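In what follows, a structure is listed as structure tokens, so that the remarks can point back to it.
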Amino acid sequence: MDWGTELWDQFEVLERHTQWGLDLLDRYAKFVKERTEVEQAYAKQLRNLVKKYLPKRPVKDDPESKFSQHQSFVQILQEVNDFAGQRELVAENLSVRVCLELAKYSQEMKQERKMHFQEGRRAQQQLESGFKQLENSKRKFERDCREAEKAAQTAERLDQDINATKADVEKAKQQAHLRSHMAEESKNEYAAQLQRFNRDQAHFYFSQMPQIFDKLQDMDERRATHLGAGYGLLSDAELQVVPIIAKCLEGMKVAADAVDAKHDSQVLIELHKSGFARPGDVEFEDFSQPMNRAPSDSSLGTPSDGRPELRGPGRSRAKRWPFSKKNKPRPPPLSPLGGPLPSAMPNGPPSPRSGLDPLAILSEISKSVKPRLASFRSLRGSRGTVVTEDFSHLPPEQQRKRLQQQLEGRNRELQKEIDQREALKKMKDVYEKTPQMGDPASLEPRITETLNNIERLKLEVQKYEAWLAEAESRVLSNRGDSLGRHARPPDPPASAPPDSGSNNNGSQDNKESSEEPPSEEGQDAPIYTEFDEDFEEEPASPIGHCVAIYHFEGSSEGTISMAEGEELSLMEEDKGDGWTRVRRKQGGEGYVPTSYLRVTLN
């Protein structure tokens with residue numbers, strides 16, 4: 001069924017229908033254009049939102065970037081930004097493939113429709129013009145017939161009139177004959193015009209207008225098909241980005257699952273661990289008796305752990321290691337603020353092993369320094385701390401990490417300069433063998449500059465290695481001090497050795513002469529006798545094994561040297577301070593940096 005056959009007389013209906021179809025096409029194009037603007041505004045707002053909440057500082061300068069929850073949030077922001085990019089892609093596809101195409105196609109359809117209806121109107125005008133000519137010839141034929149009949153009646157009346165002359169009768173007959181001839185001509189013209197109009201009318205209704213209507217039908221069907229394709233492009237633009245959007249959503253899900261509370265707790269420890277030893281117990285100050293008396297238990301309050309705490313300038317404490325007979329000696333302890341202990345100061349009181357009793361040392365210290373409790377503010381340092389090149393203004397653990405970072409950076413720069421020197425040497429050899437490629441002397445300034453950089457970097461590496469070794473020694477010392485104070489049994493009273501007969505009367509001898517110090521052997525015996533009895537057991541078995549990734553020179557006390565690739569027995573895991581206790585196959589036990597090991601637990 002087609003319009004030319006079924007709707008041959010519905011010219012105005014077809015005109016209205018085709019106009020409605022083009023209006024619908026324009027409405028849909030306008031809808032898609034506004035939808036595109038909505039998508040673009042949505043994407044822009046999403047990007048502004050992401051920009052607002054993204055970290056402003058670089059990742060390397062932002063300590064918060066190390067937390068998994070912060071990393072997940074940043075990843076979610078990136079996924080949202082990618083999602084916004086997909087919305088922009090949808091807007092671009094709709095704008096190019098729908099809006100512009102439909103607008104262009106609508107203009108083409110309007111021109112084609114105008115052409116078809118102009119052709120139909122011309123055909124109608126031609127048919128109407130033919131009908132008018134037919135009507136004119138019909139009226140003329142009718143008029144001529146009446147005039148001929150009237151002339152014939154006049155001639156017959158004169159012919160019967162006896163009073164009429166012969167000339168009048170002849171004249172009337174001639175006039176009647178003329179009118180009759182004119183009526184015959186009008187009849188023939190009317191017949192010819194009627195035949196011509198019928199032929200034109202048949203062509204109009206059975207050929208010309210059906211063709212025009214068929215063209216309009218084809219145009220409208222093509223418009224509807226194209227509009228349906230435009231409807232499909234709207235969904236295709238969405239379906240095209242669905243896989244990417246699904247990946248964005250999956251990335252958000254992965255970011256949510258990546259939040260690790262335990263890991264964040266460990267990161268917080270790594271970032272802010274100071275490496276200081278915990279403050280010891282506040283000593284008892286006995287004002288009931290003079291301080292310069294013979295050392296005894298009554299002159300010093302016994303702390304909760306059963307051993308006295310020694311205080312000196314700078315809040316430093318003297319430390320004794322009851323495990324020194326069984327374990328490898330630890331590095332010499334330092335004060336929580338990084339300064340030497342009083343025993344290591346030139347003008348400070350002598351250490352317990354120098355021949356003085358610990359209580360006598362306490363008496364000397366108490367004369368000049370009033371002990372104070374170390375607070376968190378004092379451990380953190382003041383805001384006006386001057387930043388130094390060796391990072392000594394930082395806590396020990398943070399100083400060690402920063403020095404290790406600087407050392408790794410210098411090593412990378414050194415390796416880069418060495419590679420550049422080798423490349424320049426090879427280039428110089430090529431120039432010497434083939435002078436046409438270049439002048440070897442032109443490379444000398446660059447080679448000299450590279451050598452100077454290498455020497456400078458080597459000196460910096462040595463400097464940072466020395467600082468790092470010192471910082472590691474401080475960290476290990478503080479770690480050992482904390483472990484010794486909080487993990488070992490309390491020290492026995494120094495003035496009451498359990499098994500030394502020579503010292504049973506020590507208090508009486510000291511009453512007579514406070515200037516006679518006990519011998520070093522006599523002092524050590526009562527202090528460590530009970531610990532020797534408590535810890536006389538078999539050596540601990542390894543809890544795993546490890547392999548040295550880098551070479552380490554154990555120059556500090558308590559550490560042990562190891563070669564790269566050496567296999568070691570793991571004796572004690574890292575407690576969070578960056579050190580691990582290992583045992584060598586050749587014998588010997590001590591601490592090495594955890595970052596230098598690849599550990600496997602049993």
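The values are calculated or read from the model by the stated rules, or taken from the named source; none is laboratory data. Here the structure is a predicted model, which means the values were calculated and not measured. Methodologically, a virtual Cβ is constructed for each residue, glycine included, from the backbone with ideal geometry; neighbour enumeration extends over all protein chains shown. For the accessible areas, the whole protein counts, side chains as well, though only heavy atoms, and no ligand, DNA or RNA atoms are used. Shrake-Rupley method; radii C 1.70, N 1.55, O 1.52, S 1.80 Å.
Observations on the model:
- Listed by first and then second residue, the pairs with beta-carbon distance under 7 Å, at least 6 apart or on different chains, first residue in region 417-439 and within 27 Å of K458 (Cβ to Cβ), second not aliphatic (A, V, I, L, M), are E417/T450; E417/N453; Q420/T450; R421/T450; L424/R446; L424/T450; K428/P440.
- Tally of residues being open to solvent by less than 70 Å² (accessible area, probe 1.4 Å), assigned to a helix (DSSP H, G or I) and aromatic (F, W, Y) across region 65-86: 1
- So E221, is it open to solvent by 80 Å² or more (accessible area, probe 1.4 Å), without any contact (Cβ under 8 Å) to a residue 24 or more places away in the chain and under 60 Å from the mean Cα position of the chain (by Cα): yes
- Failed criterion for V282 (all others in (1) modelled with pLDDT under 85; (2) in contact with a Leu (Cβ under 7 Å, 6 or more places away or on another chain); (3) in a loop (DSSP other than H, G, I, E, B) hold): (1)
Per-residue answers, yes or no, for (1) surrounded by fewer than 19 Cβ atoms within 10 Å (Cβ to Cβ); (2) free of Cβ contacts under 8 Å to residues at least 60 places away in the same chain; (3) aliphatic (A, V, I, L, M); (4) under 22 Å from E12 (Cα atoms):
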position: R97; (1), (2), (3), (4): yes, no, no, no
position: E101; (1), (2), (3), (4): yes, no, no, no
position: G120; (1), (2), (3), (4): no, no, no, yes
position: S129; (1), (2), (3), (4): yes, yes, no, yes
position: S137; (1), (2), (3), (4): no, yes, no, no
position: E149; (1), (2), (3), (4): yes, yes, no, no
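- Residue in region 163-182 that is on the phi < 0 side of the Ramachandran plot, open to solvent by 30 Å² or more (accessible area, probe 1.4 Å) and not in a helix (DSSP H, G or I) present: yes
- Residues of region 568-590 satisfying the condition of being buried (at least 20 other Cβ atoms within 10 Å of the Cβ) and outside any strand (DSSP E or B): D577, G578
- Within region 23-47, the set of residues being open to solvent by 90 Å² or more (accessible area, probe 1.4 Å) and either of a type in the set (K, R) or closer than 22 Å to L249 by Cβ (or both) comprises R27, K30, K33, V38, Q40, Y42, K44, Q45.
- Scanning region 1-22 for residues that are open to solvent by 70 Å² or more (accessible area, probe 1.4 Å) and charged (D, E, K, R) gives E6, D9, E12, R16.
- Taken together, the residues in region 367-411 that are open to solvent by 50 Å² or more (accessible area, probe 1.4 Å), modelled with pLDDT under 50 and outside any loop (DSSP other than H, G, I, E, B) amount to 5.
- Looking only at residues in region 548-563 that are over 17 Å from R474 (Cα atoms) and touching a helix residue (DSSP H, G or I) at 6+ places or on another chain (Cβ under 9 Å), the one that is surrounded by the most Cβ atoms within 10 Å (Cβ to Cβ) is M562.
- Residue in region 530-547 that is more than 38 Å from the chain's Cα centre (by Cα), modelled with pLDDT under 90, among the aromatic types (F, W, Y) and open to solvent by 50 Å² or more (accessible area, probe 1.4 Å) present: yes
- Of the set (1) crowded, with 19+ Cβ neighbours inside 10 Å; (2) free of Cβ contacts under 8 Å to residues at least 12 places away in the same chain, all apply to Q107 but (1).
- Residue count, region 235-269 (criterion: within 14 Å of H70 (Cβ to Cβ) and not polar (S, T, N, Q)): 10
- Number of the condition not met by D62 [criteria: (1) open to solvent by 50 Å² or more (accessible area, probe 1.4 Å); (2) of a type in the set (D, E); (3) without any contact (Cβ under 8 Å) to a residue 12 or more places away in the chain]: (1)
- Some residue of region 189-205 being part of a helix (DSSP H, G or I), touching a residue at least 12 places away in the same chain (Cβ under 8 Å), of a type in the set (S, T, Y) and more than 30 Å from Q111 (Cα to Cα): yes
- Scanning region 248-278 for residues that are touching an Asp or Glu at 6+ places or on another chain (Cβ under 8 Å) and open to solvent by 70 Å² or more (accessible area, probe 1.4 Å) returns a single hit, L249.
- L89 surrounded by fewer than 18 Cβ atoms within 10 Å (Cβ to Cβ) and either in contact (Cβ under 8 Å) with a residue 40 or more places away in the chain or charged (D, E, K, R) (or both): yes
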